[in-house]
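Right, one structure below, let's go through it.
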Amino acid sequence: MTAQPQPDYLITPVPGYSPAIGRLVSMLAYVRATTLEAVEGLTQPDLDHLLDDDANSIAMLLEHIPSVEEYYQRNSLGLTTPAATSERTRLGANLGNEARERIRGQPLDYYLERMHNIRSRTLEALTKRDDAWLDEIHPFGNAKHANNHWKWFHVLEDELSHRGQILIIRKRLPPKATGHY
């Protein structure tokens, strides 16, 4: 896998989207580019490595990121989760012991393909929304309210937070055997 070119450090409208949604799309693109950079070249054992018995693996985090996005696709964009992926989404969203046991043994491309597919659905759905949609307020958990702008800010900050965890785990991976003594 080769590194993706880094986007310019501009948050600007993006053609095909309303101005504010285009800015959101440019932020989503930048965050994703930095996540992809953080996992570039990792092997399946790297992805499955656990720092301790309670830790998340990089694989778990890579499964969690699109699971959160898929939740907000349903919650704000009205998209449904295909039945074939609903169990994978549940497992990735919850993490914990069950995920620690079951999210493992896959190569990096397995996780990146899902991230790409979920993001493609998001981007397609956002082309059909206007800037006023970002300000729509809906009931959201514990009798609170949230607007769509906050929901997609949360998708961004969740991925950024987990990218930070990925970088810490990556720095603490066991050295790779080189065959030289």
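Any residue that is among the charged types (D, E, K, R), within 28 Å of ALA146 (Cα to Cα), within 17 Å of the chain's Cα centre (by Cα) and surrounded by fewer than 14 Cβ atoms within 10 Å (Cβ to Cβ) - is there at least one of those in the range 69-82? Yes, the conditions are met somewhere in the range 69-82. Every condition in (1) modelled with pLDDT of 95 or more; (2) surrounded by fewer than 16 Cβ atoms within 10 Å (Cβ to Cβ) is met by GLY22 except one, and the failing one is (2). Taken over the range 35-76, the criterion of being closer than 17 Å to GLY92 by Cα and of a type in the set (Asp, Glu) is satisfied by ASP48, ASP54, GLU63, GLU69, GLU70. When the test is whether a residue is part of a helix (DSSP H, G or I), out of contact with any strand residue (DSSP E or B) (no Cβ under 8 Å at 6 or more places or on another chain) and either touching a residue at least 12 places away in the same chain (Cβ under 8 Å) or not basic (Lys, Arg) (or both), LEU62 passes it. Scanning the range 57-97 for residues that are among the hydrophobic types (A, V, I, L, M, F, W, C) and over 13 Å from HIS162 (Cα atoms) yields a count of 5.
When the range 114-143 is filtered for residues that are under 30 Å from ILE103 (Cβ atoms), without any contact (Cβ under 8 Å) to a residue 60 or more places away in the chain and basic (Lys, Arg), the ones remaining, listed by number, are ARG114, ARG121.
What about ASP54, is it of a type in the set (Asp, Glu), closer than 21 Å to SER161 by Cβ and either in a helix (DSSP H, G or I) or at pLDDT 95 or above (or both)? Walk me through it before giving the result.
Details: of a type in the set (Asp, Glu): yes; closer than 21 Å to SER161 by Cβ: yes; either in a helix (DSSP H, G or I) or at pLDDT 95 or above (or both): no.
When the stated conditions are applied, ASP54 does not pass them.
Residues of the range 65-94 that are in a loop (DSSP other than H, G, I, E, B) and modelled with pLDDT under 90: THR80, THR81, PRO82. The residue pairs whose first member lies in the range 144-163 and is in contact (Cβ under 8 Å) with a residue 40 or more places away in the chain and closer than 26 Å to ALA59 by Cβ, whose second member is of a type in the set (D, E, K, R) and buried (at least 18 other Cβ atoms within 10 Å of the Cβ), and whose beta carbons are closer than 6 Å, counting only pairs six or more residues apart or on different chains, are VAL155/GLU69.
Could you tell me whether any residue of the range 91-106 is out of contact with any His (no Cβ under 8 Å at 6 or more places or on another chain), of a type in the set (Val, Ile, Thr), over 14 Å from LEU61 (Cα atoms) and in contact (Cβ under 8 Å) with a residue 12 or more places away in the chain? No; the residues of the range 91-106 include none that is out of contact with any His (no Cβ under 8 Å at 6 or more places or on another chain), of a type in the set (Val, Ile, Thr), over 14 Å from LEU61 (Cα atoms) and in contact (Cβ under 8 Å) with a residue 12 or more places away in the chain. Would you confirm whether any residue within the range 132-143 is modelled with pLDDT of 95 or more and closer than 29 Å to ALA38 by Cα? No, the conditions are met nowhere in the range 132-143. Which of the residues spanning the range 6-45 are part of a helix (DSSP H, G or I), more than 17 Å from the chain's Cα centre (by Cα) and under 14 Å from LEU112 (Cβ atoms)? Across the range 6-45, the qualifying residue is only GLN44.
The values are calculated or read from the model by the stated rules, or taken from the named source; none is laboratory data. All of these numbers come straight from a predicted model, not from anything done at the bench. Every residue, glycine among them, receives a Cβ derived from its backbone with ideal geometry; neighbour counts consider all protein chains shown.
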